1. Report the relative contact order of the chain, percent, no decimals, based on alpha-carbon pairs under 8 angstrom and at least 6 residues apart.
2. Specify the residue with the greatest mean-square fluctuation among 36, 78, 23, computed from a Gaussian network of the chain linking alpha-carbon atoms under 10 Å apart.
3. Of 30, 49, 63, whose Cα points farthest to the positive end of the dipole of region 6-107 (charges on the beta-carbon: +1 Lys, Arg; -1 Asp, Glu; origin at the Cα centre)?
4. Using a cut-off of 14 Å between beta-carbons, work out the net charge of the residues near residue 90 (Lys and Arg +1, Asp and Glu -1, residue 90 not included).
5. Which value in deg cm²/dmol, rounded to the nearest 500, describes the helix-derived mean residue ellipticity at 222 nm for the chain, given -39,500 (n - 2.57) per DSSP H run of n ≥ 4 and division by the residue count?
6. Report, in debye and to the nearest 20, how large the dipole of region 22-122 comes out about its Cα centre when Lys and Arg carry +1 and Asp and Glu carry -1 on their Cβ.
7. Looking at region 1-79, which GluC sites (Glu not before Pro) are DSSP coil and have at most 16 other C-beta atoms within 10 Å of their C-beta?
8. Hand me the trypsin sites (Lys or Arg not before Pro) from region 27-108 located in a DSSP loop with no more than 14 other Cβ atoms within 10 Å, in residue order please.
Amino acid sequence: MDAKRKPEAGFTIVEVIIAIIVLTVGLLGLVTTAALVTRMIGQGQRSAVAATFASQRMEVLRTAVCDPARRTAGGETLLRGGAVAATNNWTFTNVGGTTWRITLDVTYTTVKNRSRTDRMETSVIC
């Protein structure tokens, strides 16, 4: 009797190796993306803390600008866990008559321990 050979079902070793390579490349891409997202979240947290710190100080300065005794330049530092999280420096400038400009610079550390400074300005009529 002549039995016909059935083609065997399954994958060849070449197909398995190619599938493993494709999966490995995909996983490496996910790991790289996860690390980038983690750094971006950390940067966002630092930036949000600095912005909140500056915003709170700006609200205090807006109420102080019309009182000549409280209208002095200054600075303050926010500490978190013993480390400097942000530093505020502000000035008052008379732009004419009873109009004053408040300039507030907030400085904070970025991901790579670089320093970044953002500026907030507003004008107040007394």
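1. The value is 19 percent.
2. 23
3. Final value for the positive-end residue is 63.
4. Around residue 90, the charge tally is +1.
5. So the helix-based figure for the chain works out to -15500 deg cm²/dmol.
6. Using Cβ point charges on Lys, Arg, Asp and Glu, region 22-122 gives about 180 debye.
7. Those that pass, being in a loop and sparsely packed, are 8.
8. 70
FYI, it's all coordinate maths here, none of it is from the lab. No experiment lies behind these values; they were computed from the predicted model shown. Because the Cβ atoms are built from the backbone with ideal geometry, glycine has one as well, and the counts that use them run over all protein chains shown.
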